[in-house]
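A.B. asks: Quick one: structure below, then a few questions.
The values are calculated or read from the model by the stated rules, or taken from the named source; none is laboratory data. Everything numeric in this text was worked out from a predicted model, so none of it was measured. A quick note on method: Cβ atoms are made from the backbone with ideal geometry, for glycine too, and the neighbour counts reach across all protein chains shown. To get the accessible areas, we keep the full protein, side chains included, count just its heavy atoms, and leave off ligands, DNA and RNA. Shrake-Rupley method; radii C 1.70, N 1.55, O 1.52, S 1.80 Å.
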Amino acid sequence: MKYSIKLLPDNDQTCGWINTLNPRQNFPALVGKHLADWVVVGGGFTGIAFARRMAQAQPNAKIIILDAGAIGEGASSRNSGFAVATSSLGGPYQRAKLEEFNRINRINQAGIDWLRSTVDEHNIDCQWRDIGKFHCGAQASSSRAAAEFSHWLDAAQIPYENLSPADLSQRLGTAYYRSGIWTKADVMLQPAALVRGLCSSLPQNVTLYDYSAALTIRDKKGAMVISSPEGEITCKNLVLAGNAFLHAMSPTPSHTVPLTMTASLTRPLTQSERALLGDPKDWGILSLHDMGATIRYTSDHRILIRNTATYRGLKPLSHSQMSAAQKTHHICLRQRFPMLQDLDFAHTWQGILCISRNSTSLFGKLAQRIYVSGCYNASGISRGSAMGLALADYALSDTNPLLDDVLKYPAPQWMPPRPFLDLAMSAEIFRKKLSVGADA
Ligand SMILES: Cc1cc2nc3c(=O)[nH]c(=O)nc-3n(C[C@H](O)[C@H](O)[C@H](O)COP(=O)(O)OP(=O)(O)OC[C@H]3O[C@@H](n4cnc5c(N)ncnc54)[C@H](O)[C@@H]3O)c2cc1C
């Protein structure tokens, strides 16, 4: 078996979550020849959770995490910071899918529980906030979407509140939304701070290398050899945790697709700006509609807008595409907060997540000595962490309820090859954008 990696991440340097932290100390790049028991390719939530669990189970094993960029500063630092406990399957309640809904939420919750205990144990300062999340909509069809979601929540006995426009206005400081649901168990956090804290508290038998992309992977006499620009590792076992960048491998290991998203973050609001909103507590809103905007009011009083989704393969958005995305974020900000006329964005960035046709994840053994986990749509903080842990348990032949749940995941459904995939993705995104209306 031989894999070559055709495209590497090319992250912008403008991510607000990263740039509002103190400058980070880089890990070295891989140079020369090394031996390891485990190599993890990709240092995001999945790879880090796997490495921590494996290092604890095998304290004498040598575990290496390689990242093509600064470890953790891919999508894991660039997301909206919702550690999702309750996922929505979308659409009307279906009794036949209740167990799937419950299973996904148990996996999410396992990820949150593990992250919480790790954050507590290592005092990771990441604005961890147990404040739940809102699902809101501003268009006429939002009340139906809210009613459908409540039906799922009732059936699963998940604590939530159904909110009137007046409740929403009072709790959020914007009168924009007509319908909303608040679910209790979700956590808001600063993702770059979390992932940095996770990296710096790994057990001693885990070594991290920044800017050390895996370029080729091949078998050699019963071992795996991973080559990067200036180094090479021969290892017993390999974990592929590159998420969207699994798509850059040839042969491609699965039917998953990268999706490029953009986000902007403001400076902290002044006292008088906060007063204009009624000085609400911090919150996070997911849209009740596919392709709707995600908004946060953070604990340090900034507003985040996550909007726009584009299929670009793995190519970064151009300068003009980023300007257009920022304009969309502006419109979104002004619509929701017309009273904040002087407020502008301090940071705008892009990131790539991974989706599959049947909204499922990729998990398991790809070939002898090669394990993989990835593709969690926009729930990779909790689910990616849980699945990284479960992958270590799976490789160790452990059994536990989390792994049982993860193993019931269906595999990603077939996707057509390019260029048909490009056409299908563009058509699907266009169709969804048409129906998002005031929630864009
Ligand atoms: C704008 C945006 C908003 C989002 N909002 C949320 C949210 O609110 N909540 C949520 O849970 N999820 C959200 N997501 C999704 C979430 O960020 C991902 O699901 C999560 O980061 C997946 O973690 P991961 O470790 O599997 O992959 P990643 O975080 O993508 O990490 C993969 C790593 O692999 C590295 N890599 C790639 N190729 C190679 C190579 N050849 N060699 C070495 N390393 C390589 C990359 O540099 C990267 O660091 C969002 C994503 C985006 C882009």
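A.B. asks: Please work out if residue 374 is modelled with pLDDT under 95, open to solvent by less than 30 Å² (accessible area, probe 1.4 Å) and not charged (D, E, K, R).
C.D. replies: So residue 374 fails the test.
A.B. asks: Could you tell me whether the stretch 156-166 includes any residue that is closer than 30 Å to residue 21 by Cβ, at pLDDT 95 or above and within 24 Å of the chain's Cα centre (by Cα)? If you could, list the steps in order and put the result at the bottom.
C.D. replies: Filtering the stretch 156-166 down to residues closer than 30 Å to residue 21 by Cβ leaves none.
The answer is no, given that none of the residues of the stretch 156-166 is closer than 30 Å to residue 21 by Cβ, at pLDDT 95 or above and within 24 Å of the chain's Cα centre (by Cα).
A.B. asks: Scanning the stretch 382-398 for residues that are open to solvent by less than 10 Å² (accessible area, probe 1.4 Å) and within 15 Å of residue 81 (Cβ to Cβ), which turns out farthest from the ligand (Cβ to nearest atom)?
C.D. replies: 385
A.B. asks: When the stretch 91-130 is examined, which residues are found to be touching a Cys at 6+ places or on another chain (Cβ under 7 Å) and either open to solvent by 20 Å² or more (accessible area, probe 1.4 Å) or small (Gly, Ala, Ser) (or both)?
C.D. replies: none
A.B. asks: Test each condition in (1) within 26 Å of residue 171 (Cα to Cα); (2) in a helix (DSSP H, G or I); (3) open to solvent by less than 10 Å² (accessible area, probe 1.4 Å) for residue 335 and report the one that comes out false.
C.D. replies: With (1) within 26 Å of residue 171 (Cα to Cα); (2) in a helix (DSSP H, G or I); (3) open to solvent by less than 10 Å² (accessible area, probe 1.4 Å) applied to residue 335, the lone miss is (3).
A.B. asks: Follow-up question, since we're still on this one. Could you check the stretch 6-22 and list, in sequence order, the residues that are modelled with pLDDT of 95 or more and either open to solvent by 80 Å² or more (accessible area, probe 1.4 Å) or not in a loop (DSSP other than H, G, I, E, B) (or both)?
C.D. replies: The answer is 10, 13, 16, 17, 18, 19, 22.
A.B. asks: Turning to a different aspect of this structure: Test residue 44 against the stated conditions and say whether it is in contact (Cβ under 8 Å) with a residue 24 or more places away in the chain, near the ligand (Cβ under 8 Å from one of its atoms) and under 27 Å from residue 300 (Cα atoms).
C.D. replies: yes
A.B. asks: Looking only at the stretch 44-71, count every residue that is crowded, with 23+ Cβ neighbours inside 10 Å and touching a helix residue (DSSP H, G or I) at 6+ places or on another chain (Cβ under 7 Å) and tell me the total.
C.D. replies: 11
A.B. asks: While we're on this one: Taking the stretch 205-225 only, how many residues are closer than 21 Å to residue 60 by Cα and either among the hydrophobic types (A, V, I, L, M, F, W, C) or within 11 Å of the ligand (Cβ to nearest atom) (or both)?
C.D. replies: The qualifying residues number 6.
A.B. asks: Could you pull out the residue among 75, 96, 61 that is more than 6 Å from the ligand (Cβ to nearest atom) and either of a type in the set (Phe, Trp, Tyr) or in contact (Cβ under 8 Å) with a residue 40 or more places away in the chain (or both)?
C.D. replies: 61
A.B. asks: Shifting gears a bit: Just to confirm my filter: which helices (runs of 4 or more DSSP H) fall fully inside the stretch 131-236 and include at least 2 residues that are exposed (fewer than 15 other Cβ atoms within 10 Å of the Cβ)?
C.D. replies: Ranges flagged: 142-156, 165-172.
A.B. asks: Starting from the stretch 408-435, keep only residues that are more than 19 Å from residue 293 (Cα to Cα) and open to solvent by 50 Å² or more (accessible area, probe 1.4 Å), then list their pairs with residues that are assigned to a helix (DSSP H, G or I) and at pLDDT 85 or above whose Cβ atoms are within a distance under 7 Å, requiring at least 6 positions of separation or different chains.
C.D. replies: Filtered contacts from the stretch 408-435: 408/103.
A.B. asks: List the number of the failed condition for residue 308; all other conditions in (1) surrounded by fewer than 20 Cβ atoms within 10 Å (Cβ to Cβ); (2) of a type outside the set (Gly, Ala, Ser); (3) at positive phi hold.
C.D. replies: Single failed check for residue 308: (1).
A.B. asks: A follow-up question, please. Output the number of the condition that residue 313 fails; it satisfies all remaining conditions of (1) more than 13 Å from the ligand (Cβ to nearest atom); (2) crowded, with 17+ Cβ neighbours inside 10 Å; (3) at positive phi.
C.D. replies: (2)
A.B. asks: Look through the stretch 78-93, keep the residues that are of a type in the set (S, T, N, Q) and within 6 Å of the ligand (Cβ to nearest atom), and return whichever of them is nearest to residue 249 (Cα to Cα).
C.D. replies: 79
Here's the yes/no breakdown for (1) among the charged types (D, E, K, R); (2) in contact with a strand residue (DSSP E or B) (Cβ under 7 Å, 6 or more places away or on another chain); (3) over 26 Å from residue 298 (Cα atoms):
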site: 101; (1), (2), (3): no, no, yes
site: 109; (1), (2), (3): no, no, no
site: 132; (1), (2), (3): no, yes, no
site: 135; (1), (2), (3): no, yes, no
site: 139; (1), (2), (3): no, no, no
site: 149; (1), (2), (3): no, yes, no
site: 157; (1), (2), (3): no, no, yes
site: 160; (1), (2), (3): no, yes, no
site: 170; (1), (2), (3): no, no, no
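A.B. asks: Which residue out of 347, 289 is over 18 Å from the mean Cα position of the chain (by Cα), modelled with pLDDT under 95, over 30 Å from residue 1 (Cβ atoms) and crowded, with 16+ Cβ neighbours inside 10 Å?
C.D. replies: 289
Matching residues to (1) modelled with pLDDT of 95 or more; (2) surrounded by fewer than 18 Cβ atoms within 10 Å (Cβ to Cβ); (3) more than 16 Å from the ligand (Cβ to nearest atom); (4) part of a strand (DSSP E or B):
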{"site": "252", "(1), (2), (3), (4)": "no, yes, no, no"}
{"site": "263", "(1), (2), (3), (4)": "yes, no, no, yes"}
{"site": "274", "(1), (2), (3), (4)": "yes, yes, yes, no"}
{"site": "300", "(1), (2), (3), (4)": "yes, yes, yes, no"}
{"site": "323", "(1), (2), (3), (4)": "yes, yes, yes, no"}
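A.B. asks: Right, another one. Checking the conditions here, which among 382, 359, 435, 397 is in a helix (DSSP H, G or I) and out of contact with any strand residue (DSSP E or B) (no Cβ under 6 Å at 6 or more places or on another chain)?
C.D. replies: Working: 382 fails: out of contact with any strand residue (DSSP E or B) (no Cβ under 6 Å at 6 or more places or on another chain); 359 fails: in a helix (DSSP H, G or I); 397 fails: in a helix (DSSP H, G or I).
The unique qualifying residue is 435.
A.B. asks: Further question on the same structure: Pairs only if they're at least six apart or on different chains, beta carbon under 7 angstrom, first in the stretch 372-383 and more than 14 Å from residue 115 (Cβ to Cβ), second aliphatic (A, V, I, L, M) and within 6 Å of the ligand (Cβ to nearest atom); list them, first residue then second.
C.D. replies: 373/241; 374/241; 377/353; 378/353
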